[in-house]
Amino acid sequence: MNMINCTNLSKCYSDKTALDNVSLSLEAGEPIALIGPNGAGKTTLMNVLCGYVRASHGSASVLGHPPGSAALHGRLSALPQDAQLDPRLSVGRQLRLFAALQKMGRVQATKDVDRVLELVDLSAAKNQAPAELSHGMRKRVAIAQSLLGNPEVVLLDEPTAGLDPVNVKSIRDLIVSSSRDTTFIVSSHNLDELEKFCTTVIHLDHGQLKDQVDLSAVREKGYLTIKLEQSNTSKIVEDLRNLPGVTDIEKKQQGAFAIRYDESTHPYFDQQLLKFLADNNQTYRHIIKGRTLEDQLFF
Amino acid sequence: MTIARFELVRLFLTMRGWLSLIAFCLIWSILLRYLVYNASGYLLDEKLSLSIGGLTGNRGVQNLLAWPVPEITIFWILALYLFPFFSIILTADQTASDRSRGTLRLINLRATRDEIFFGRFIGQMVIQSLLIIATITTVIGLAIWRDADVFTSSLSLSALVSTNLFVVLLPYTALMALVSVLAKSARQATVYATILWIVCFIFIAWLAPQFPQLTFLEWILPGSQLSSLLQKEGWDTLSLAYIPLMQASILLLVGRWLMQRGDL
């Protein structure tokens, strides 16, 4: 059984089609990225899957149940975009309510609230009202509520928006460490961020499914992305073209370039490249196996 | 039931809840001190009896004067018109602000829309029941303070009045549950309820004389049975309970439909 199935899913508002005939199926496992420009339909798709809005056409199922079904309570969780807790009641009290609604007893609820607040490093905020917290802290509390219990699927809509780099990293680490038991679907504009922990990418644009990419598969297709320390790379790029196995070189932003090579005849091209750089006294900032997510999807 | 129970937390552990309670207590303490406490004297006052007659008709005055505990008589008349007013204010924010803030989405991950809608409604009815009990207990205290012999009759009259008030408040609370689904804040919900009530009132007042067969429409409005209720005696007052019960059922059904249909 697929974790999520959408068949010809459409959502129309009075003057706009937010989702246009989207069909996809997603398996449980590694984190999944949901990307696309503003207005692409990412939030609408998440809202339909959570049962917050009803599809105009088509159908969707999560873990074999229709969105909004009581059977999904405690199994599907989410960080809805801009959803906030009641600003007047303490964080701990509200999370205990959520835990109680997930059929946890009083003791278990208290323990689980402590656990999730610890995960987002906000144990100290348990007795504070959300109104007393900063934007970033409120976001982390909202992420904490999505981890209550043991949800099988967690939809995170822009989880790192507005967070500082330290907290972005801690949220990323949290997702990676929780991925063994939970499948995360993460919507974000930050492709570099998503690339670090997602293996599948759902690309929406103008409400339509543009692409569904398995990053682990495309990384095998004979690409290396390299960024050198020195800024003037014209000569080195020309020399690289003459390396055995190289079929193409595409210049990217800020001195980076993607080298395409014939992987079938040169399976160890990366070692060959490193030797070439050493022979030419070149140092590099980074080398990525494959192309960046941005390059794969937009160029 | 968890959602209904949490309504008590929302009332007793928030500043807004406490402000509502303080306002309620202040108004009732003034009414209890200056009207209910001197009830026996007022009921002998001819002018006041005439005013009550304006509300209830002559038969109503005779019925009310026959009640053995005048404090409860005055409380009954006041409560019948004031509790609905408090109800509209106290129960306005059943789902409105939680929806506009997105809190309802977090709850909906753990509870169905029906559980949220009916849970909040039940919670509000529990709160109002507690307020009715607290107020009438004070009234009984005042009556016993004057004459300890009225204790037994106070208890039976209190049960009658409390039951009737609970039934009277059902459609008002259901109406606020409905408009709360449409509104984005408690204030907006109150405005919607007021507009809805006035429009229906004017429409029915205009329609009924032209189409006498449609006079039954006057029973659509919550509170339409209040003046008739004052003319009933004892537990016979519950003979009109079908009106608020039907109003509440219809309003809840419409509210539930809107809750199911709308976006969160």
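Are there DSSP H segments in chain B that both extend 30 Å or more along their axis (alpha-carbon positions) and score a mean Kyte-Doolittle hydropathy of at least -1.0? List them, or say none.
Helix filter hits for chain B: B:113-146, B:151-182, B:186-210.
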- Cα pair distances of the stretch B:2-261 binned at 10 Å [whole percent]: 7, 28, 33, 22, 9, 1, 0
- Query: Could you work out Rg/(2.2 N^0.38 Å) for the stretch B:89-239, with Rg from alpha carbons only?
  - Reply: 1.30
- Item | Shape box of the stretch A:68-138 [Cα atoms, principal axes, largest first, Å] | 34, 29, 22
- Taking the C-alpha atoms of the stretch A:188-227, how large are the radius of gyration and the largest Cα-Cα span, Dmax, in Å? 11.7, 34
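Rounded to a whole number of µm²/s, how large is the Stokes-Einstein D of the stretch A:151-299 at 37 °C and 0.692 mPa s, given Rh as the Kirkwood radius over C-alpha pairs?
Numbers: Rh = 17.3 Å.
So the translational diffusion coefficient is about 189 µm²/s.
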- Task: State log₁₀ I(q)/I(0) for the stretch A:219-298 at q = 0.11 Å⁻¹ as given by the Debye formula over alpha-carbon point scatterers of equal weight, solvent excluded.
- Result: -0.24
- Query: Lysine pairs in the stretch A:219-298 with alpha-carbon atoms under 15 Å apart, 8 or more places apart or on different chains: how many are there?
  - Reply: 6
- Query: Could you name the lysines in cross-link range of residue A:11, using Cα to Cα under 20 Å and dropping any fewer than eight places away on the same chain?
  - Reply: A:42, A:210
- Order by protection proxy (mean Cβ within 10 Å, highest first), peptides A:172-182, B:188-198: B:188-198, A:172-182
- Message: How shielded is A:71-84 by partner chains, expressed as the average number of their Cβ atoms within 10 Å of its Cβ atoms?
- Response: 4
- Counting only DSSP beta bridges with both partners in the protein assembly as shown, the antiparallel fraction in percent, to the nearest 5, comes to 65
- Message: Let me check against my output: what whole-number percent is the relative contact order of chain A, with C-alpha pairs under 8 Å and at least 6 apart?
- Response: 20
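Taking a ≥ b ≥ c as the square roots of the eigenvalues of the Cα gyration tensor of the stretch A:106-148, is the shape rounded (a/c under 1.5), prolate (a/b larger than b/c) or oblate?
Because a/c hits 1.5 or more and a/b exceeds b/c, the stretch A:106-148 counts as prolate.
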- Tell me the label-point distance for the pair residue B:196, residue A:23, using the 7 Å Cα-to-Cβ offset, in nm and rounded to one decimal. 4.3
- Query: Given q = 0.09, 0.13, 0.15, 0.18 Å⁻¹, what are the Debye log10 I(q)/I(0) values for the stretch A:4-215, with equal point scatterers placed on the Cα positions and solvent ignored?
  - Reply: -0.34, -0.72, -0.95, -1.32
- Per-residue [θ]222 nm for chain A (sum of -39500 (n - 2.57) over DSSP H runs n ≥ 4, rounded to 500): -9500 deg cm²/dmol
- Item | Dimensionless Rg/Rh of the protein assembly as shown - Kirkwood Rh, Rg from C-alpha atoms | 1.16
- Would you mind checking the radius of gyration and Dmax of the stretch A:135-235 based on alpha-carbon positions, in Å? 16.6, 57
- Helix-only CD estimate at 222 nm, as mean residue ellipticity for chain B, using -39500 (n - 2.57) per DSSP H run (n ≥ 4): -25500 deg cm²/dmol
- Message: For the stretch A:39-78, take the convex hull of the Cα atoms, compute a quarter of its surface area, and give me that in nm², please.
- Response: 3.0
- R0 = 35 Å: FRET efficiency of residue B:147 with residue B:14, Cβ-based, nearest 0.05? 0.30
- Query: So which residue, out of A:190, A:21, A:232, gets the largest mean-square fluctuation from a GNM of chain A using Cα contacts under 10 Å as springs?
  - Reply: A:232
- Task: Give the Kirkwood hydrodynamic radius (Å, one decimal) of the stretch B:80-169, defined as one over the mean of 1/r across all pairs of different Cα atoms.
- Result: 15.2
- Taking the alpha-carbon centre of each part, the distance from the stretch B:233-264 to the stretch A:234-277 in Å is 75
- Surpassing 29 Å at the alpha-carbon level, of the pairs A:126/A:169; A:103/A:169; A:16/A:169, are A:103/A:169; A:16/A:169
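Each reported figure results from applying straightforward, stated rules to the coordinates on display, with no laboratory input. Owing to the predicted nature of the structure, the values given are computational and were not obtained by experimental measurement. No Cβ is skipped: glycine too gets one built from the backbone with ideal geometry, and neighbour counts run over all protein chains shown.
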